[in-house]
Amino acid sequence: MKKSGNRAVRHALMNLLLFPGMGSLLSGRWVAGIGQITLVTSGSVLMFIWFFREMSQYYGLMFGDVQPQAVGWIGETGGILFAVSWAWATITSISLFREAAAQAAASVERPDVPPHLKPFDPQTGSALAALPQWRRNGEIISRTFEFADFPAAMKFVNAVAEIAELAQHHPDVDIRWNKVTLALTTHDAGGLTEKDFAMARQCDALSLR
């Protein structure tokens, strides 16, 4: 999404700084792009013709007997077409800038999530089915482990802390003497991911040692 927003900005700048219609074409706005290029090209050609004829008459008057002709309308027409093309390209560029701003806002509200962090489908229960002692509450899975005493519970918590630090995925921990409750979710993804179920399996294994 961010890349598409950057492209929209580049296309808008092409319209304004390089050649009217070029950015419009590259952004897929074919009608606007073709129309803008046609107008700016026609306007440029007419202005060139006007300049050439004006200079021809000027030198003709200096060095020969040439009857002056009114050619100003050619330059005026070319100038109008040129101005219209730039105005049209500016309107398209404003639209592209707005599109880029909207995409940037959307990317802030809903950041791109790497494929391996995609939330699990709410209808998919196979991963949780393999962890029968874990319970799901919305986008969190949790389990309460029970041990012989407080030192045993703390030994388990310390072991969980080690693997969580290695995985850079930290569960919420609640300790009640010989009971330890772990809660897992992936905040970066806004829900449950494979990282949570992998950590749950590791915690289950630790509890059996």
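Take the residues in the stretch 127-151 that are surrounded by 15 or more Cβ atoms within 10 Å (Cβ to Cβ) and over 40 Å from the mean Cα position of the chain (by Cα), then tell me which one is nearest to Gln202 (Cα to Cα). Once the filter is applied, the top-ranked residue is Phe145. In the stretch 9-60, of all residues being within 20 Å of Gly78 (Cβ to Cβ) and among the aromatic types (Phe, Trp, Tyr), the one that is surrounded by the most Cβ atoms within 10 Å (Cβ to Cβ) corresponds to Trp50. For the stretch 175-190, taking the residues that are assigned to a strand (DSSP E or B) and in contact with a Leu (Cβ under 9 Å, 6 or more places away or on another chain), the one that is modelled with the lowest pLDDT is identified as Thr186. Candidates in the stretch 113-141 are the residues that are part of a helix (DSSP H, G or I) and either of a type in the set (Gly, Ala, Ser) or at pLDDT 85 or above (or both); of these, the one that is nearest to Leu192 (Cα to Cα) is Ala127.
Among the residues of the stretch 173-209, just one is farther than 12 Å from Ser142 by Cα, in contact with a strand residue (DSSP E or B) (Cβ under 6 Å, 6 or more places away or on another chain) and buried (at least 20 other Cβ atoms within 10 Å of the Cβ), namely Thr193.
The condition of being modelled with pLDDT of 80 or more, assigned to a strand (DSSP E or B) and of a type in the set (Val, Ile, Thr) does not hold for Val160. Taking the criterion of being touching a helix residue (DSSP H, G or I) at 6+ places or on another chain (Cβ under 8 Å), under 18 Å from Ala198 (Cα atoms) and of a type in the set (Val, Ile, Thr), the residues of the stretch 156-180 that qualify are Val160, Ile163, Val173.
The values are calculated or read from the model by the stated rules, or taken from the named source; none is laboratory data. Bear in mind the structure is a predicted one, so any value in this text is a computation, not a measurement. Cβ atoms come from the backbone with ideal geometry, glycine included; neighbour counts cover every protein chain shown.
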